[in-house]
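Some notes on the structure that comes next.
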Amino acid sequence: MIAEDLINHMIPPLKASDDAHKAIVWMEEFRCKHMPVVEDSNLLGFISEEIILETNNIEKNVSEFNLIGKKCFVSVASHFYDILKVAADNKLEVVAVLNDLGQYQGVITVQDTITAFAQTMAVQIPGGILVLSMNHNDYSLAEISRLIEENNAKVLSSIVKEDTLDIGKLRLTLKLNQVELSRIVATLERFNYRVIGRYHESSPMDSEKDRLDMLLRYLEI
């Protein structure tokens, strides 16, 4: 699923000439902590209630405030992993979507992105999750997948990121289509891969809360 499919068309952008009072009303109405400010299809940035309250002037136009998140955007073809990364990098709960000409197309909320991810096959299919820590030059998803497939399992999805607990190393999180992970772990360790975590999921998740909890653990948020 790409950004274009995740745009929340219920959240309108503020115009540069709109005042701060309107921004606060819309934040409450659309339950957004940040609202995009757009002029002539150009993203000017995002405004929040906190920014407005710091000036204690709700009559100012939103363009007069120090807007944030001016680089908090993705292209229409961006993957939802990219959306989550941009949101996290900018510490915002919404991400703007721009077309190839840099024109504003809408916004995506982090919650909508998480919900979409929770509905993907990688999350829906019962299986297990492995977390590996390794040096940069030891990372080869093709090699790791080959070792896993030798144990009659497949990698459904993967996320790689810097290991914050071990500076200089990568942390690789894998979702597999197999619940029993002992043989796979033994194989990986035999080839000197360090497995630092494993999680089992023996049946499909029945509620949205379970899906969300699983996703947050999966992404280590």
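Throughout, read-outs are computed from the coordinates displayed, never taken from laboratory work. Predicted model, so just to flag it, every value in this text is computed and none were measured. Neighbour counts run over all protein chains shown; Cβ positions are idealised from the backbone, glycine included.
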Inset, instruction - With label points built 7 Å along Cα→Cβ from the Cα atoms of Asp82 and Arg31, find their separation and express it in nm. - result: 2.9
Legend entry - Gaussian network model of the chain, springs between alpha carbon atoms under 10 Å - residue of Ile129, Ile47, Ile58 with greatest fluctuation: Ile58
Inset, instruction - Evaluate the relative contact order of the range 1-110 (contact order divided by residue number), counting alpha-carbon pairs under 8 angstrom at least 6 apart; express in whole percent. - result: 32
Legend entry - Normalised contact order of the chain, rounded percent, pairs of Cα under 8 Å and 6 or more residues apart: 18
Inset, instruction - Rank His21, His34, His136 by mean-square fluctuation in a GNM of the chain with C-alpha springs under 10 angstrom and give only the top-ranked residue. - result: His136
Legend entry - Label-point gap, in nm, between Lys22 and Ala116 - each point 7 angstrom along Cα→Cβ: 2.8
Legend entry - Selection of chymotrypsin sites (Phe, Trp or Tyr not before Pro), the range 10-94, meeting DSSP coil and at most 10 other Cβ within 10 Å: none
Legend entry - Three principal axis lengths of the chain [C-alpha, angstrom, descending]: 66, 38, 33
Inset, instruction - Sort Met134, Met10 so that the residue with the fewest other Cβ atoms within 10 Å of its own Cβ comes first and the one with the most comes last. - result: Met10, Met134
Legend entry - Förster radius 35 Å - calculated FRET efficiency between Asp89 and Ser158, Cβ distance, rounded to 0.05: 0.95
Inset, instruction - Give Lys22/Lys91; Lys71/Lys169; Lys60/Lys85; Lys15/Lys70; Lys71/Lys161 a once-over and call out the pairs whose C-alpha atoms are over 26 Å from each other. - result: Lys71/Lys169; Lys60/Lys85
Inset, instruction - Report the net charge of residues surrounding Ser78, where surrounding means a beta-carbon distance below 10 angstrom and charges are Lys +1, Arg +1, Asp -1, Glu -1. - result: -1
Inset, instruction - Can you check what the net charge comes to around Lys60, using other residues whose Cβ is under 13 Å from the Cβ of Lys60 (Lys, Arg +1; Asp, Glu -1)? - result: -4
Inset, instruction - Take Met35, Met27 and order them by how many other Cβ atoms sit within 10 Å, fewest up front. - result: Met27, Met35
Legend entry - Rounded to 10°, Cα long-axis angle of helix 80-90 versus longest principal axis of the chain: 60
Legend entry - Sparsely packed trypsin sites (Lys or Arg not before Pro) within the range 1-71, loop by DSSP, other Cβ within 10 Å at most 16: Arg31, Lys33, Lys60, Lys70, Lys71
Legend entry - Total formal charge among the other residues, if their Cβ is under 13 angstrom from that of Asn8, Lys/Arg +1 and Asp/Glu -1: -3
Inset, instruction - For the range 30-82, run through the GluC sites (Glu not before Pro) and keep only the ones in DSSP coil with at most 12 other Cβ atoms within 10 Å of their Cβ. - result: Glu59
Inset, instruction - Would you mind calculating the gained length between Leu53 and Asp166 on full extension (0.36 nm times residue separation, minus the Cα-Cα distance), in nm to one decimal? - result: 36.7 nm
Legend entry - C-alpha long axis of helix 20-30 to longest principal axis of the chain, angle in °: 40
